[in-house]
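So the structure is just underneath, and the comments pick up after that.
The values are calculated or read from the model by the stated rules, or taken from the named source; none is laboratory data. These figures come from a predicted structure and were not determined experimentally. We place every Cβ from the backbone using ideal geometry, glycine too, and count neighbours over all the protein chains shown.
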Amino acid sequence: MNSINKTARIAGFLYFMYIVTSIIGNEFGRFVSVDAPATVNNIMAHESQFRIGFVISLFSVVFFLLAAWYLYVLLKLVNKDLALLFLLLNLGGFAILCFSMLNLFGSLLLLSGADYLKVFQPDQLQAQAMLFINLYKNGYIIAQIPYGIWLFPLGYLVFKSGFLPKILGILLIVDCFGLLIYVFQRFLLPGYEVISYPCMAVSFIAELSLTLWLLIMGTKDQKPATVEIG
């Protein structure tokens, strides 16, 4: 149990670092919650700050992947196949998001003022930069599909584990459907952001609750349950 508890606390710490660094990265870079023209203006006015935010955001997704690995180590005691499934889904989201961030960095290169870009007019460069930023934003939304689905097996294993509160598992499963609703809303009903507001609230509560429980409380002093897949 000491080993399980240690693994749980490491997972909680890495998840917490992911949450903190993603918030800080966005505060510096301002490239998640604003539109493309505002991001272009931010790059031109505060390039160094944008670069810092970009690097911090890169580390945040690494923290998220590492947290998923330690959750895999923790919950494979319940069912190894389902734990591997949620780890692979998280890895898929990680790959999509990293690829999308190349588009974000591409917008920075277009606005860098490099000599080889002087063949383009400034307004042309800004238009191309906005295209790359929009590609990043849509890639970010697409990444929420595997990032959302991974929460279902994760939540199920938390619910069945016997050493974590069942309510955390329920919240994570609800969070799964909330993130999928968010994706559908962004692509099918982009003018109705209000639909996804409750989903984002549930997501914040579910993932922060899991993080704080793992980090502060660890695991219950109880033998892990084993789930068989028929």
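Consider Ile229 against the criteria (1) at pLDDT 90 or above; (2) among the β-branched types (Val, Ile, Thr); (3) surrounded by fewer than 16 Cβ atoms within 10 Å (Cβ to Cβ): it satisfies all of them except one. Which criterion is unmet?
(1)
Between Phe13, Phe86, which is at pLDDT 95 or above, touching a Leu at 6+ places or on another chain (Cβ under 8 Å), buried (at least 18 other Cβ atoms within 10 Å of the Cβ) and assigned to a helix (DSSP H, G or I)?
Going through Phe13, Phe86 in turn, just one is at pLDDT 95 or above, touching a Leu at 6+ places or on another chain (Cβ under 8 Å), buried (at least 18 other Cβ atoms within 10 Å of the Cβ) and assigned to a helix (DSSP H, G or I): Phe86.
Would you please name the residue that is nearest to Gly106 (Cα to Cα), looking only at residues in the range 31-57 that are assigned to a loop (DSSP other than H, G, I, E, B) and in contact with a Phe, Trp or Tyr (Cβ under 8 Å, 6 or more places away or on another chain)?
Across the range 31-57, the extreme among qualifying residues is Phe31.
Considering each residue of the range 156-166, count those that are in contact (Cβ under 8 Å) with a residue 40 or more places away in the chain and in a helix (DSSP H, G or I), and give that number.
5
Do you know which of the residues in the range 188-212 that are in a helix (DSSP H, G or I) and of a type in the set (Phe, Trp, Tyr) is nearest to Gly12 (Cα to Cα)?
Phe204
Hey, does the range 141-149 have a residue that's at pLDDT 90 or above, over 21 Å from Trp69 (Cα atoms) and assigned to a helix (DSSP H, G or I)?
yes
Kindly indicate whether Tyr136 is touching a residue at least 12 places away in the same chain (Cβ under 8 Å), under 25 Å from Leu71 (Cα atoms) and among the aromatic types (Phe, Trp, Tyr).
Here the answer is no, as Tyr136 does not meet what is asked.
Results for (1) modelled with pLDDT of 95 or more; (2) under 18 Å from the mean Cα position of the chain (by Cα); (3) farther than 19 Å from Asn138 by Cβ, shown as yes or no for each residue.
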{"position": "Thr39", "(1), (2), (3)": "no, no, no"}
{"position": "Gln49", "(1), (2), (3)": "no, no, yes"}
{"position": "Val73", "(1), (2), (3)": "yes, no, yes"}
{"position": "Leu104", "(1), (2), (3)": "no, yes, no"}
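Among residues belonging to the range 145-199 that are under 25 Å from Asn2 (Cβ atoms) and of a type in the set (Gly, Ala, Ser), point out the one that is surrounded by the most Cβ atoms within 10 Å (Cβ to Cβ).
For the range 145-199, the residue satisfying everything is Ser161.
Out of curiosity, is Gly113 modelled with pLDDT under 90 and either touching a Pro at 6+ places or on another chain (Cβ under 6 Å) or outside any helix (DSSP H, G or I) (or both)?
yes
Does Tyr70 meet the test of being hydroxyl-bearing (Ser, Thr, Tyr) and either over 23 Å from Cys199 (Cα atoms) or in contact with an Asp or Glu (Cβ under 6 Å, 6 or more places away or on another chain) (or both)?
yes
Condition test on Thr7, is it at pLDDT below 90 and in contact with a helix residue (DSSP H, G or I) (Cβ under 8 Å, 6 or more places away or on another chain)?
It is false that Thr7 is at pLDDT below 90 and in contact with a helix residue (DSSP H, G or I) (Cβ under 8 Å, 6 or more places away or on another chain).
Can you find a residue in the range 215-229 that is of a type in the set (Asp, Glu), farther than 25 Å from Leu14 by Cβ and part of a loop (DSSP other than H, G, I, E, B)?
Taking every residue of the range 215-229 in turn, at least one turns out to be of a type in the set (Asp, Glu), farther than 25 Å from Leu14 by Cβ and part of a loop (DSSP other than H, G, I, E, B).
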